[in-house]
1. So which residues in the range 86-108 are closer than 21 Å to TYR35 by Cβ, out of contact with any helix residue (DSSP H, G or I) (no Cβ under 9 Å at 6 or more places or on another chain) and not hydrophobic (A, V, I, L, M, F, W, C)?
2. Under the condition of being touching a residue at least 12 places away in the same chain (Cβ under 8 Å) and surrounded by fewer than 19 Cβ atoms within 10 Å (Cβ to Cβ), which residue from the range 330-343 is farthest from HIS273 (Cα to Cα)?
3. Is there a residue in the range 230-241 that is under 23 Å from SER353 (Cα atoms) and in the same structural domain as GLU299 (by TED's automatic domain parsing)?
4. Show me the strands (runs of 3 or more DSSP E) entirely contained within the range 127-219 in which 2 or more residues are closer than 24 Å to SER103 by Cβ.
5. Considering only the range 316-368, state which residues are assigned to a loop (DSSP other than H, G, I, E, B), of a type in the set (Lys, Arg) and either farther than 18 Å from GLN209 by Cα or over 20 Å from the mean Cα position of the chain (by Cα) (or both).
6. Testing THR295 on (1) closer than 26 Å to LEU349 by Cβ; (2) touching a strand residue (DSSP E or B) at 6+ places or on another chain (Cβ under 7 Å), one condition comes back false. Which one is that?
7. In this structure, does GLY71 turn out to be surrounded by fewer than 18 Cβ atoms within 10 Å (Cβ to Cβ), at pLDDT 95 or above and under 21 Å from GLY190 (Cα atoms)?
Amino acid sequence: MKRTAYNYVNRSLVGLLMLFWGVVLRAQTPQDVQYTFTEASSLTMLGQLLPGNPNPYHRVDTVRFKGFTAGENTQVRQSAGLVCAFRTNSTTISVRAEFGQASGGYSGGGFDLYIRDEKGRWTWAGDGVGRSNDPNYNLVLIRDMDGSEHDCLIYFPLFSEIRSMKVGVQQGASLTALPNPFRHRIAFFGSSFTHGVSTSRPAMNYPSQLSRATGLHILNLGCSGNCKLQPYFCDVLCAADADAFVFDSFSNPTIPEIEERLFPFIEKLQAAHPGKPLIFQRTIYRERRNFNVATENFERARQERAAELMKEAMKRYKDVYYIETTNATSPTHETSVDGTHPGDYGYTLWAESLRKPLLKILRKYGIK
């Protein structure tokens, strides 16, 4: 009797193990998997400030818009903030990209994959970086998934120009455009902070983190070192289809530049987008101020002068706001990478410090 019961339990365990390994084996991606590729622009492209550009992976059409310096001309063709959204049941997802100007590193030249989990949260799933002159080069971001349908986002490189990007899935798997999972259109114009300098991956700049946390569709026009309230950047924003505008515009310009350009910038943008909120942020505390007296004096003076001018702007113009809670510094001052730029956690703090006051302003305009 004991032996019979023992054999029954044994057989049951063996059966369960065989079932388990059967599921695992079915989900495993074959070593010799064959891929099919689809151009990302034929799926759902998110983050496009100006949809319809001749190159869908350029943020600005530099034939249409003029006035940029050589460096700015390069930056606005970079793919920072662009995202491809799709649904697939493939057990593996890859990227085949053709680069123009290219930067190294995961954030500058890599791709970042997020998948929506069972609770609806966008969760990191894989990343990769690598380029090759071989047209058959294939950068695998993830493999051995379970074979069920998943909603996916692939974030583009922050500091590279993309000429073509194809999403690869195993032959026979489904691949369809995902309806835009984000709401409204919120344009961000900013400095290297908004662009994403010192992030470890493309999806970790503060606008991207804020987008995943709030569900807002954020359009990133971050240009490292070059967000100085220039009138030709204002021309781009005037042409953009956006419900609100958010600015990290006091991190790069000098005090004289802010004094000269702020009010004309606001007036020009309001003429193009009457009744839409223009939301300016205080530049963050830079850690190199800690013991450097000259840097402390310069940074404090710039912050104070920007605050004075924004106080005047809010009296003079409707629909203009100033958020002073922006913060990327921990109590222990350990978030900085180089004394100027925060790392991933610092950008998380920034996104969180911006979230509540930004949403409060947007609600006034029916943006929820």
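1. ARG87, THR88, ASN89, SER90, THR92, SER94, ARG96, GLU98
2. It comes out as HIS333.
3. No, because not a single residue in the range 230-241 is under 23 Å from SER353 (Cα atoms) and in the same structural domain as GLU299 (by TED's automatic domain parsing).
4. 139-142, 150-155, 162-170, 183-190
5. Answer for the range 316-368, where residues must be assigned to a loop (DSSP other than H, G, I, E, B), of a type in the set (Lys, Arg) and either farther than 18 Å from GLN209 by Cα or over 20 Å from the mean Cα position of the chain (by Cα) (or both): LYS318, LYS364.
6. Just one mismatch for THR295, condition (2).
7. It is true that GLY71 is surrounded by fewer than 18 Cβ atoms within 10 Å (Cβ to Cβ), at pLDDT 95 or above and under 21 Å from GLY190 (Cα atoms).
Let's see how each residue does on (1) at negative phi; (2) at pLDDT below 95:
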| site | (1), (2) |
| --- | --- |
| PHE111 | yes, no |
| GLY120 | no, no |
| VAL129 | yes, yes |
| CYS152 | yes, no |
| PHE156 | yes, no |
| MET165 | yes, no |
| PRO181 | yes, no |
| PHE193 | yes, no |
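The values are calculated or read from the model by the stated rules, or taken from the named source; none is laboratory data. This is a predicted model, so every value here is computed, not measured. With ideal geometry, Cβ positions are generated from the backbone for all residues, glycine too; neighbour counts draw on all protein chains shown.
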